[in-house]
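Undergrad: Sharing a structure here in structure tokens format.
Where a number appears in this text, it was derived from the coordinates with a stated rule and is not lab data. In this text the structure is predicted, and so the values were computed from the model without any measurement. Methodologically, a virtual Cβ is constructed for each residue, glycine included, from the backbone with ideal geometry; neighbour enumeration extends over all protein chains shown.
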Amino acid sequence: MKIQPPQVLLSLFLATLLFRLQPNAVAGDRESTNSTTATSFIRTSCGTTLYPELCYTSLSRYANAIKQNPEQLAKVAISVSLSKARRMAAYVSNVSRQADYGSDHRTAAALHDCFTNFGDAVDEIRGSLKQMRQLGAAGAGSFRFQMANVQTWMSAALTDEDTCTDGFQDAVDSPLKTDVCNRVGKVKKFTSNALALVNSYAAQGTP
């Protein structure tokens, strides 16, 4: 049996190691490419919204789940909007219980109405997400009918959120009023973006 020189053995070892690593490297490159393509898709899609940068930063973290699927993009956007609306409803509920209104009955009434409005908005956004998950299901109706429901409910949710801040117009200016209105304003941006992506997907027709 002929003994190979150390240089030859080293070369064989390196060649074997490279062969074993190559599939993993290719898979890693493919995954990176797919992720980049997905984020580019999200960036482009968010360009149709009123708040494109907020849209991109809030949805790009879900790029692996969204891929280049406009239906999935709309679902994730609605889910994010639902999460924000739920948190806002919980915040308003907590503030309305703890605040010391004194003679400021208008702020108290505005907070109560705001909580009711956000409760409605949460129900409407939840209904939209449920309908999106039923797209194409037997007996669930046509694609256009289903998407019309989603558009209607998301629009209603945005209107309810607007109504919340409208209720503070006659309330006395205060840090509480400013804080609530600012928070609601941020939530409205997420709902607006979700609605824009829903409208964009609906305009594409039956998938």
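Undergrad: Points 7 angstrom from Cα along the Cβ direction at Arg106 and Thr36: gap in nanometres?
TA: 5.7 nm
Undergrad: Between Asp113 and Ser83, take the C-beta separation as r, use R0 = 25 Å, and let me know the FRET efficiency to the nearest 0.05.
TA: 0.65
Undergrad: Follow-up. So if we plug the beta-carbon distance of Ala203 and Leu50 into 1/(1 + (r/R0)^6) with R0 = 25 Å, what FRET efficiency do we get, rounded to 0.05?
TA: Efficiency, rounded to the nearest 0.05: 0.95.
Undergrad: Once you have the Cα-Cα distance between Lys130 and Val172, take 0.36 nm times their residue separation minus that, and quote the gain in nm to one decimal.
TA: Net length gain for the segment: 11.2 nm.
Undergrad: Which order results if Lys177, Lys130 are arranged by neighbouring Cβ count within 10 Å, fewest first?
TA: Listing Lys177, Lys130 from fewest to most nearby Cβ atoms yields Lys130, Lys177.
Undergrad: Kindly rank 178-184, 192-198, 146-152 from highest to lowest mean number of other beta carbons found within 10 Å of each residue.
TA: Descending packing order for the listed peptides: 192-198, 146-152, 178-184.
Undergrad: I would also like to ask the following. Would you mind getting me the FRET efficiency between Arg61 and Ala90? Use the beta-carbon distance for r and R0 = 30 Å, nearest 0.05.
TA: 0.85
Undergrad: If you place +1 on the Cβ of every Lys and Arg and -1 on the Cβ of every Asp and Glu, how big does the dipole about the Cα centre of segment 69-195 come out, in debye to the nearest 20?
TA: Dipole magnitude for segment 69-195 comes out near 660 debye.
Undergrad: Give me Ile66, Ile125, Ile42 ranked fewest to most by other Cβ atoms within 10 Å of their Cβ, as a rough exposure proxy.
TA: Ile66, Ile42, Ile125
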